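First up is the structure itself, then whatever we jot down about it.
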Amino acid sequence: MRYPKKQNIYGVSYTVEVKDDLIEKYSATGLFNWKEKKIQLQKGMDVETGQKTYLHECFHGVLHRLGIDVLLSSEMNELIVDGMATFCTEEKKNLISVLSNKK
């Protein structure tokens with residue numbers, strides 16, 4: 001799976017890194033680090049898992065940039081970003097159609 005090297009989230013540029021040790025070190029397939037301005041993703045994920053994980057971490061960035069993340073418990077934060085990422089990956093054909101203005 002290929003990812004962009006940078007992701008802009010509400011005016012802040014985050015470096016996207018693919019790592020081979022996230023599962024071993026953190027039991028995670030992705031991490032969002034607002035202090036270091038990084039999105040880290042586990043190397044070797046299948047396409048669907050990689051897409052969902054990438055979106056999941058980007059949505060952490062959205063909540064952070066909006067200042068909503070500090071108002072939510074970590075469990076609620078995870079439920080929200082995972083729900084949005086799941087919706088986007090399950091509905092990607094419809095979303096692409098709408099965003100590209102195709103019928």
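The table below gives the values:
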| quantity | calculated |
| --- | --- |
| Of residues in segment 67-84 being assigned to a helix (DSSP H, G or I) and polar (S, T, N, Q), the one farthest from the chain's Cα centre (by Cα) | S74 |
| Residue check, F59 hydrophobic (A, V, I, L, M, F, W, C) and in a helix (DSSP H, G or I) | yes |
| The lone exception for L95 - which of (1) assigned to a helix (DSSP H, G or I); (2) modelled with pLDDT of 95 or more; (3) among the aliphatic types (A, V, I, L, M) it fails | (2) |
| Those residues of segment 1-52 which are more than 18 Å from D82 (Cα to Cα), of a type in the set (G, A, S) and part of a loop (DSSP other than H, G, I, E, B), in sequence order | G11, G44 |
| Complete set of residues in segment 58-94 that are under 16 Å from E48 (Cβ atoms) and of a type in the set (K, R) | K92, K93 |
| The listed residue being of a type outside the set (F, W, Y) and either in contact with a strand residue (DSSP E or B) (Cβ under 8 Å, 6 or more places away or on another chain) or under 17 Å from R2 (Cα atoms) (or both), out of K93, K19, K35, K25 | K19 |
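Rundown of residues vs (1) without any contact (Cβ under 8 Å) to a residue 40 or more places away in the chain; (2) of a type in the set (G, A, S), yes/no style:
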{"residue": "Q7", "(1), (2)": "no, no"}
{"residue": "Y14", "(1), (2)": "no, no"}
{"residue": "E17", "(1), (2)": "yes, no"}
{"residue": "E24", "(1), (2)": "yes, no"}
{"residue": "S27", "(1), (2)": "yes, yes"}
{"residue": "K52", "(1), (2)": "yes, no"}
{"residue": "L63", "(1), (2)": "yes, no"}
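The values are calculated or read from the model by the stated rules, or taken from the named source; none is laboratory data. Just so you know, these numbers come straight off a predicted model, no measurement behind them. In this analysis, Cβ positions are derived from the backbone assuming ideal geometry, glycine residues included, and neighbour counts consider all displayed protein chains.
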